[in-house]
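Read the structure below first, then the notes.
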Amino acid sequence: MADETALAKELKINVPANMRELSNELGVSYQRLLRTAREHPEQLPMIKRVGRWYVLLPDVYIKWRQGNLEIEK
């Protein structure tokens, strides 16, 4: 966890605290985010289903954002 936090601070990436914050950051509705996570998990690798809940994995999110930032540059 400390490595994730250091990496996020180094890259100045804001890691959402929960799925609602992630939906706001991505600019989609919460329901659309859950539907996409359920039907197309390959599009959102940072979200995993645990039991009946969907969980945001911060380390995967940081790596996903890094990839998106490198593509944009």
Heavy-atom accessible area order for Glu42, Glu21, largest first, 1.4 Å probe: Glu42, Glu21
Listed residues Val55, Val50 arranged by accessible area, highest first, probe 1.4 Å: Val50, Val55
Full-stretch length increase - Asn14, Tyr30 - with 0.36 nm per residue and alpha-carbon distance subtracted: 3.9 nm
Per-residue SASA entry for Lys48, accessible area with 1.4 Å probe, Å² rounded to 10: 100 Å²
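The values are calculated or read from the model by the stated rules, or taken from the named source; none is laboratory data. Quantities reported herein were computed from a predicted structural model and do not represent experimental measurements. Heavy atoms of the whole protein, side chains included, go into the accessibility calculation; ligands, DNA and RNA do not. Shrake-Rupley method; radii C 1.70, N 1.55, O 1.52, S 1.80 Å.
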